[in-house]
1. Give the residue that is nearest to the chain's Cα centre (by Cα), with candidates limited to residues of segment 266-305 that are surrounded by fewer than 14 Cβ atoms within 10 Å (Cβ to Cβ) and part of a loop (DSSP other than H, G, I, E, B).
2. Looking at (1) in contact (Cβ under 8 Å) with a residue 40 or more places away in the chain; (2) acidic (Asp, Glu); (3) part of a helix (DSSP H, G or I), which is the only condition Glu72 fails?
3. For Leu66, state whether it is of a type in the set (A, V, I, L, M, F, W, C), open to solvent by 30 Å² or more (accessible area, probe 1.4 Å) and either more than 30 Å from Glu130 (Cα to Cα) or touching a Phe, Trp or Tyr at 6+ places or on another chain (Cβ under 6 Å) (or both).
4. Filter segment 393-429 down to residues that are surrounded by 12 or more Cβ atoms within 10 Å (Cβ to Cβ) and under 22 Å from the mean Cα position of the chain (by Cα), then give me how many there are.
5. When the residues of segment 167-210 are narrowed to those that are of a type in the set (A, V, I, L, M, F, W, C) and either farther than 18 Å from Gly325 by Cα or surrounded by fewer than 17 Cβ atoms within 10 Å (Cβ to Cβ) (or both), which ends up nearest to the chain's Cα centre (by Cα)?
6. Does any residue in segment 415-429 that is touching a residue at least 60 places away in the same chain (Cβ under 8 Å) and farther than 13 Å from Lys85 by Cα come within less than 7 Å, Cβ to Cβ, of a residue that is surrounded by fewer than 13 Cβ atoms within 10 Å (Cβ to Cβ) and of a type outside the set (Phe, Trp, Tyr) six or more places away or on a different chain, and which pairs are these?
7. Here are Lys280, Lys249, Lys272: which of them is touching a strand residue (DSSP E or B) at 6+ places or on another chain (Cβ under 9 Å) and either of a type in the set (Asp, Glu) or free of Cβ contacts under 8 Å to residues at least 60 places away in the same chain (or both)?
8. Any idea which of Glu115, Glu128, Glu138 is in contact with a Phe, Trp or Tyr (Cβ under 9 Å, 6 or more places away or on another chain), among the acidic types (Asp, Glu) and under 19 Å from Cys340 (Cβ atoms)?
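The values are calculated or read from the model by the stated rules, or taken from the named source; none is laboratory data. Here the structure is a predicted model, which is why all the values come from computation and not from measurement. In this analysis, Cβ positions are derived from the backbone assuming ideal geometry, glycine residues included, and neighbour counts consider all displayed protein chains. Please note that ligands, DNA and RNA were not included when accessible areas were found on the heavy atoms of the full protein model with its side chains. Shrake-Rupley method; radii C 1.70, N 1.55, O 1.52, S 1.80 Å.
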Amino acid sequence: MATTTSSFVFTNIDGFGHGIGTRRSYRVIRAQSQSAVPKEQVVIVGAGIAGLATAVSLHRLGVQSLVLEQAESLRTGGTSLTLFKNGWRVLDAIGVADDLRTQFLEIQGMVVNSEDGRELRAFNFKQEDESQEVRAVERKVLLETLASQLPRDTIKFSSQLAKIEATSNGDTLLELVDGSKLLAKTVIGCDGIRSPIAKWMGFPEPKYVGHCAFRGLASYSDGQPFGPRVNYIYGRGLRAGFVPVSPTKVYWFICFNSPSPGPKITDSLVLKNQAKELVKDWPSELLNIVDSTPDDTVIKTPLVDRWLWPAISPGASAGRVVVVGDAWHPMTPNLGQGACCALEDSVVLAKKLARAIKSEDPSVEEAFRSYGAERWPRVFPLTIRANLVGSALQWENPVVCSVRNNIVIPKLVRLQPLLEHTNFTCESL
């Protein structure tokens, strides 16, 4: 029987920032009939952290899925990300944490310095929270580890979404750029910050917050020389940081104010030189780290977020289509919670969806609404807090920066309250 549909087409028109994706334009096309196409129970769009963690979580719960990834292989570029204890609780629950722990250093604390090299404050994570666990993890290794837990052929590469159509019976017809189609009973959008799924659901584009970040992964074949702590350097409208990832690698970033994201630059050597120019008068230690970075690991990213205002923003789901991680709640990296929250989303959603699929009570639609209701009070405040922290750390006024460096950080800041958001309970799947 033919199925009546309404649809939207996705067309690349612009984009900026490595790993961010492209802006999309949409046009409504006339309703049409569809012939029989292959049908899948659960389709996950995007093989990033959120998509793979969701697929693994569902697999652990006995639900198989198909993951569509537009790239030709896992996106193993990029640098690293910081996971706090809430992220590790999820990785423990889905059974991959111990493998990752053997590869990455546990970070013991953090130190904050001024741009002239003066130490402003130092903290020990375990003294603030005995249960805290912090490690910087290479994105490539995390993705490969998650993918290794899935059955063969779960991930379908070179599968970029071209069109999405909601059918009259609640299924979703997905058409890829190669012309192939499949009918999905359930769609999980894990397609990142510039998510076409989120756009289709009515979400606005993420908003640029006024600063960009250079990032890189320095490599030391003879061993890196730094202790296991996060190192921050605060200037005026400019800050930087670095943290050991493994015995041979160090992740670093340089964040700077900019009224606009600026032109997209793909030449890594140009990006590396631009990053060095920003901090040329800062401690040589930072410059040496940048110099030790392979050119092809240096990226520049405009920082964006989306505030999920109650009664204004769309819900996390529309029928049997739902969004997860950056596709739903992109946030700035100032709290180190983007990946952690995506991991939390994945396991919460997987539990609710698996229960609905196996028992049909609640329905998938009810399970998705329950997921949104549970996760919104968690992710909305974190998005705002990350934005405000970033804005405060990017102050340019010399008087305000002096107060920050000489009074607020040395005498007033307490780390323990700033780590309370990393509390998250997650049972094994």
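1. Thr266
2. (3)
3. Answer is no for this residue.
4. 9
5. Val209
6. none
7. Result of the check over Lys280, Lys249, Lys272: Lys272.
8. The conditions single out Glu138.
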